[in-house]
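The values are calculated or read from the model by the stated rules, or taken from the named source; none is laboratory data. Just so we're clear, the structure is a prediction, and the values are computed from it rather than from any experiment. All Cβ positions, even for glycine, are placed from backbone atoms using ideal geometry, and neighbour counts span all protein chains on display. In case anyone asks, the SASA skips ligands and DNA or RNA and just uses the protein heavy atoms, side chains included. Shrake-Rupley method; radii C 1.70, N 1.55, O 1.52, S 1.80 Å.
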Amino acid sequence: MKRSRSQPWIWLLPSFFLLILVGIVPFFILLYLSFSDYFLLYPDIPRVFVGLKNFRTLVFDPWTYNALATTFTFVIVAVAFEMAIGLGLALLFSKPFKGITLLRTIMLIPLVIAPLVTGLIWNQMLNPDFGIITYLLHSLGLFLNSGPTIDPSTALLSIVAVDIWHWTPFVMLIILSGILALPKEPFEAAKIDGASRWQTFRNITLPLMRYPIMVAFLLRFMEAFKIFDEIWVITGGGPGDATRVVSIHTYKIAFYRWDLGYGSAIALFLEYITIILCSAFYKILQKSE
Amino acid sequence: MSQEPKKVGRRIFLNYAIAVIATGVIVGAATYFAVPKGEVTVTAPGTTVTKTVTTTVTETSTTKPITTVTPDSWWADAAKKYAGTTIRVLTESVPPSLILQKYVPEFEKLTGIKVEFEATYYDDVYAKEMADFAAHTAIYDVLYVEIEWLGAYAGAGYLFPVEDMMKDHPELTDPNLDPDDFVALEQRKFKNKLYTLPYETFGYLYYYRKDLFEKYAGDFKKEYGRDLTVPKTMEEYEDIAKFFTGREPNLYGHLAQAKTHNALVCDWQNFHCMFGSPEYEKNFLDWSKMRASGVVNSSWAIEALEYYIKLLKYAPPGALTYTWDEAGAAMQEGLIAQGPFWGDWALSMFDPSVSKVVDKIGFASFPRLSKNPNAKTMNGCASGWGINADSKHKEAAWLFAQWTKRKGFDAIWMKDAGVLGRKSSVNDPAVQAADKKFGNLFTALLDASKYYYFPLTIPEYSEMKTAAEEPLGLAVNGKISVKEALDMLASRWDEILKRSYP
């Protein structure tokens, strides 16, 4: 049967249409808004092209810098811990032992919980007045008349802990699937040559695992940059501005102050940073090959 | 000596019966002809006379009899053209709205108009309404409009004024609507035009635990040499706050909503006015002629915020993460002995499914500073039903809004909602009975309302309030000084005001 050359394109049309509708069009709207003065509270003010005005505001806005710094701190600490713990757990679960199936299932439970629900659960547990974690900390003599989420010095760490709990299983899952797919021969050869466990891990497992590790890292890096739900529910960006990451900052500007022009500019800037950093990591990976 | 009971003969009995029936027929006929057609006399349950009520809600309140309510037949006739229409209502998920929701099926049955009633949390209501306005999607027809959003909505043309609705559609306007009967009608106007139909009016109240006040009366007298009563001044309030904090495990003497959120700005305004009114109030009400600098960061303003922060030590540590939702839960959990809190939560304290302090709460007007006794001290809230200017079902929406506030029903709703609606409902026996049952709630609301100030209905107010959140949040969390915070706030407000009032 002769196949028409246009047939595959026809089948792809719905997907293209959807992609354009939910991905490309909003992006161009965002781009357009970021170069406009658009206050939803004052529709009488004409929506005019203002060139780079919003980006100029961004450059001189200490609140945005502060939010960026908080975001980077959060991403670096949270993703580093998730990668380390995730790798350790993946190695642990790669060897068969009694009860492994049950333990693996338990480990994956946080993954199936929506971020908003995760936030609500932890919000209750960390509640400064009646949360179980706060109660335990109080009984240890810690955070008396306070709580980890209301102390500006520990609020971000509390969010990091919640994120680690939520997303480490994801890292573990990706790395574990990589480990289980590794060829057996190099390990058998290393064993015959008398390599120690550490040497096997350092010289065989890790190099063979760099792609799954990089995939896990890139996915977590991009997601951590966009964290919103958990912080919104647990601290709302506070106390003060202690957990005000860029996504919360952008939301407050765009949907509290209704300054859609400036809000779009920050969102675009965040997207730009994420793309640059991800590309850089990808280049590093390619070079190491 | 025993006396035999007098026997009533059949003839005497019949004579009495005929006399009673004849009297009934005469009274009934007289009533029928005395009342204009299409209206019915409202009588309070268990009584047989038409009631006259006097209200003292505001300066403009008048003595008004509950004379007439519009019969169901009028609503059914008016809605005939719109039967089968679906309207969407968006409101805040607080007790008054949840009470109202129970009655929605009655409206649907009566008019044939289908109502999709959505109640969600405060921030979400605002976000959804703004998104609906911006995209002109007209998802919602009837909107809950907080007084602090009114200026922005009306100024932007997002609402269809109900005053125009009344002029354009007299045939759809309840003949007994009587707008002057609503509490705080002026607060629903923008540039002297009525934009929303008054829905609920309330404000901050002084909540206190009656059981704890009784239990510790002796101890308090020993320590302070005076009786433990509802405080009249802030000095007395502070003594009580200090006395109760830590008196029992997890018991605190003050309540605050200090999360970096709109709730904190409301809390701050209470204290700001307490120290600065009437100066603040005078300026506050005429921003168009002045600037924030020199008022919101003046010496008394600094003193006010410092006092607010000082009192936080008597509140639960979690108060720094509280909005009204968490503060309400803390009150219901029994953590708080006394404190200022929004009145629309009052009746939830009496709901055993959510409250551990049922029948233990009393209400009063909030105390004032001895040095500024006549200050307007507490935030008042006056929300209304707005009609979306983009709505394709404005007429059906208007009918629904009026139906929820109709005479005769308002008192029924008020007694369960715990907020103020119509002036004429205040002295309704059902509301009076509820007042006694629920810790003098309505008496406290009426008393407190004399000291309420209401947010401005200027388009910039919503933005100004949002701009105040961050500086105040940084100050209460100790990241910057009170002076720095108020300077930042003043400069932000001036920036907004200069744009609109150069």
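For the stretch B:313-335, check the following and say yes or no: at least one residue is within 30 Å of B:Thr86 (Cβ to Cβ) and of a type in the set (Phe, Trp, Tyr).
no
Which members of the stretch B:301-327 meet the condition of being surrounded by fewer than 24 Cβ atoms within 10 Å (Cβ to Cβ), within 13 Å of chain A (Cβ to nearest Cβ) and more than 12 Å from B:Gln257 (Cα to Cα)?
Residue satisfying the conditions is B:Lys313 alone.
When the residues of the stretch A:126-135 are narrowed to those that are more than 16 Å from A:Gly236 (Cα to Cα) and either more than 9 Å from every other protein chain (Cβ to nearest Cβ) or of a type in the set (A, V, I, L, M, F, W, C) (or both), which ends up most open to solvent (accessible area, probe 1.4 Å)?
This residue is A:Tyr135.
Take the residues of the stretch B:354-366 that are in a loop (DSSP other than H, G, I, E, B) and among the small types (Gly, Ala, Ser): which is nearest to B:Phe341 (Cα to Cα)?
The qualifying residue nearest to B:Phe341 (Cα to Cα) is B:Ser365.
With the requirement that a residue be within 15 Å of A:Phe72 (Cα to Cα) and either open to solvent by less than 10 Å² (accessible area, probe 1.4 Å) or among the basic types (Lys, Arg) (or both), what does the stretch A:238-265 give you?
Those that are within 15 Å of A:Phe72 (Cα to Cα) and either open to solvent by less than 10 Å² (accessible area, probe 1.4 Å) or among the basic types (Lys, Arg) (or both): A:Thr243, A:Arg244, A:Val245, A:Val246, A:Ile248, A:His249.
Scanning for something within 13 Å of chain B (Cβ to nearest Cβ), open to solvent by less than 50 Å² (accessible area, probe 1.4 Å), assigned to a loop (DSSP other than H, G, I, E, B) and at pLDDT below 90, does the stretch A:193-201 turn up at least one residue?
No; the residues of the stretch A:193-201 include none that is within 13 Å of chain B (Cβ to nearest Cβ), open to solvent by less than 50 Å² (accessible area, probe 1.4 Å), assigned to a loop (DSSP other than H, G, I, E, B) and at pLDDT below 90.
Considering every residue within the stretch A:113-120, establish whether at least one is touching a His at 6+ places or on another chain (Cβ under 6 Å), modelled with pLDDT of 90 or more and closer than 21 Å to A:Glu82 by Cα.
yes
Among the residues of the stretch B:189-211, how many are of a type outside the set (Phe, Trp, Tyr), in contact (Cβ under 8 Å) with a residue 40 or more places away in the chain and in contact with a helix residue (DSSP H, G or I) (Cβ under 7 Å, 6 or more places away or on another chain)?
6
Only one residue in A:Lys252, A:Lys226 is within 14 Å of chain B (Cβ to nearest Cβ) and under 21 Å from the mean Cα position of the chain (by Cα), so which one is that?
A:Lys252 is the lone residue from the list that is within 14 Å of chain B (Cβ to nearest Cβ) and under 21 Å from the mean Cα position of the chain (by Cα).
Out of all the residues in the stretch A:136-147, is one or more at pLDDT below 95, surrounded by fewer than 16 Cβ atoms within 10 Å (Cβ to Cβ) and in a helix (DSSP H, G or I)?
Scanning the stretch A:136-147 turns up at least one residue that is at pLDDT below 95, surrounded by fewer than 16 Cβ atoms within 10 Å (Cβ to Cβ) and in a helix (DSSP H, G or I).
Among what's in the stretch A:10-42 and is in a helix (DSSP H, G or I) and among the small types (Gly, Ala, Ser), pick the residue that is farthest from the other protein chains (Cβ to nearest Cβ).
A:Ser15
Look at B:Arg406 and say whether it is under 28 Å from B:Asn192 (Cα atoms), part of a helix (DSSP H, G or I) and either acidic (Asp, Glu) or open to solvent by 10 Å² or more (accessible area, probe 1.4 Å) (or both).
no
Can you find, within the stretch A:51-71, the residue that is nearest to A:Leu31 (Cα to Cα) among those that are open to solvent by 70 Å² or more (accessible area, probe 1.4 Å) and assigned to a helix (DSSP H, G or I)?
A:Lys53
Pull up the stretch B:328-353, narrow it to residues that are within 11 Å of another protein chain (Cβ to nearest Cβ) and assigned to a helix (DSSP H, G or I), then point me to the one that is least open to solvent (accessible area, probe 1.4 Å).
Taking the candidates together, the pick is B:Ala330.
What's the number of the only condition in (1) more than 14 Å from chain B (Cβ to nearest Cβ); (2) touching a residue at least 24 places away in the same chain (Cβ under 8 Å) that A:Thr243 fails to meet?
(1)
Hey, can you tell me all the residues within the stretch B:216-239 that are closer than 25 Å to B:Gly343 by Cα and either assigned to a loop (DSSP other than H, G, I, E, B) or out of contact with any Ser or Thr (no Cβ under 9 Å at 6 or more places or on another chain) (or both)?
B:Leu228, B:Thr229, B:Val230, B:Pro231, B:Lys232, B:Tyr237, B:Glu238, B:Asp239, listed by residue number.
On the basis of being crowded, with 21+ Cβ neighbours inside 10 Å, hydroxyl-bearing (Ser, Thr, Tyr), assigned to a strand (DSSP E or B) and in contact (Cβ under 8 Å) with a residue 24 or more places away in the chain, does B:Ser383 make the cut?
So B:Ser383 passes the test.
What helices (runs of 4 or more DSSP H) completely inside the stretch B:412-502 contain at least 2 residues that are away from chain A (no Cβ under 14 Å)?
Where helices (runs of 4 or more DSSP H) fall fully within the stretch B:412-502 and carry at least 2 residues being away from chain A (no Cβ under 14 Å), they are B:429-437, B:441-449, B:482-500.
Give the number of residues within the stretch B:133-173 that are assigned to a helix (DSSP H, G or I), away from chain A (no Cβ under 14 Å) and open to solvent by less than 10 Å² (accessible area, probe 1.4 Å).
Total satisfying the criteria: 4.
Please go through (1) in contact (Cβ under 8 Å) with a residue 40 or more places away in the chain; (2) away from chain B (no Cβ under 14 Å) for A:Thr64 and return the number of the only condition it doesn't satisfy.
Going through (1) in contact (Cβ under 8 Å) with a residue 40 or more places away in the chain; (2) away from chain B (no Cβ under 14 Å) one by one, A:Thr64 breaks only (2).
Can you pull out every residue in the stretch B:110-127 that is charged (D, E, K, R) and at pLDDT 95 or above?
Within the stretch B:110-127, B:Lys114, B:Glu116, B:Glu118 meet the criteria.
Condition (residue is over 24 Å from the mean Cα position of the chain (by Cα), within 13 Å of chain B (Cβ to nearest Cβ) and farther than 21 Å from B:Leu474 by Cβ) applied to the stretch A:144-153: is it met by at least one residue?
Yes, because at least one residue in the stretch A:144-153 is over 24 Å from the mean Cα position of the chain (by Cα), within 13 Å of chain B (Cβ to nearest Cβ) and farther than 21 Å from B:Leu474 by Cβ.
Kindly indicate whether A:Leu120 is open to solvent by 80 Å² or more (accessible area, probe 1.4 Å) and within 26 Å of the chain's Cα centre (by Cα).
When the stated conditions are applied, A:Leu120 passes them.
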